[in-house]
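Encoded as structure tokens, here's the structure I'll be asking about.
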Amino acid sequence: MHPSTVIVREAITDDADAMARLCTQLGYPSESPAIPGRLERLRADRNARVYVADSGGTIVGLTTIHLRDTINHDAPIAQLTLLVVDEANRTRGVGRALVQAAETFARDRGSNRMTVTTALNRADAHAFYERIGYAQTGRRYGKDFSPPRTT
Ligand SMILES: CC(C)(COP(=O)(O)OP(=O)(O)OC[C@H]1O[C@@H](n2cnc3c(N)ncnc32)[C@H](O)[C@@H]1OP(=O)(O)O)[C@@H](O)C(=O)NCCC(=O)NCCS
């Protein structure tokens, strides 16, 4: 893959196999048939975008971005909600290009801040974000809910 051959575009249903592969690489095992429904929901949300990095027809990266209105800011807050570059194509500028596309969407929609949360054990991601101008400003806390009762 040559970086100049990569274009970033919105994801389409035909990208499902590649998106499942990339989600799996990120640590979220996914099957292709699950992707179109998820993609459809995101595409129906005007505050969300799904971008892929396409290298001559091969999908080498994936990102999702969400905008949120809040009560303490006039401008929407943008959040990078997923980012992964294919294992065989890292450190070639794909991640940076995907984040740039997400930032452009956010700016065009009036946002002036992007946030991203990343697990403590993702040292490569920390180095990447700092390299492209992001600063560590907080911690993330999480809690898994039990599945809702059906009876
Ligand atoms: C993090 C990730 C998206 C970066 O994508 P990438 O395409 O490899 O990054 P890029 O090539 O665009 O790198 C941009 C800059 O960051 C630097 N960088 C990237 N990974 C780095 C690392 N592990 N250590 C140090 N610097 C790094 C690059 O050298 C480059 O610097 P430069 O501008 O001086 O050339 C990719 O490594 C990945 O998918 N990792 C696994 C999934 C993951 O952690 N996702 C983030 C979850 S929040």
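Val99 fails exactly one of the following numbered conditions: (1) closer than 16 Å to Thr63 by Cα; (2) away from the ligand (no atom under 15 Å from the Cβ). What is the number of that condition?
(2)
Mind telling me which of the residues Thr70, Thr91, Thr64, Thr58 ends up being among the polar types (S, T, N, Q) and touching a Ser or Thr at 6+ places or on another chain (Cβ under 9 Å)?
Going through Thr70, Thr91, Thr64, Thr58 in turn, the sole match is Thr64.
Moving on. Among the residues of region 72-99, which ones are out of contact with any strand residue (DSSP E or B) (no Cβ under 6 Å at 6 or more places or on another chain) and closer than 16 Å to Thr117 by Cα?
Of everything in region 72-99, just one residue is out of contact with any strand residue (DSSP E or B) (no Cβ under 6 Å at 6 or more places or on another chain) and closer than 16 Å to Thr117 by Cα, namely Val99.
Within region 1-55, which residues are of a type in the set (S, T, N, Q), out of contact with any Lys or Arg (no Cβ under 9 Å at 6 or more places or on another chain) and within 16 Å of the ligand (Cβ to nearest atom)?
Across region 1-55, the qualifying residues are Ser4, Thr5, Thr24, Gln25, Ser55.
Determine, yes or no, whether Arg107 is without any contact (Cβ under 8 Å) to a residue 60 or more places away in the chain, surrounded by 11 or more Cβ atoms within 10 Å (Cβ to Cβ), within 7 Å of the ligand (Cβ to nearest atom) and of a type in the set (Lys, Arg).
Answer is no for this residue.
Condition first: more than 15 Å from Met19 (Cα to Cα) and surrounded by fewer than 12 Cβ atoms within 10 Å (Cβ to Cβ). Now tell me which residues in region 46-87 satisfy that.
Result: Arg46, Gly56, Asp69, Thr70, Ile71, Asn72, Asp74.
Every number in this text was worked out from the coordinates using simple rules, so none of it is lab data. Given the structure is predicted, the values throughout are model-derived calculations rather than measurements. We place every Cβ from the backbone using ideal geometry, glycine too, and count neighbours over all the protein chains shown.
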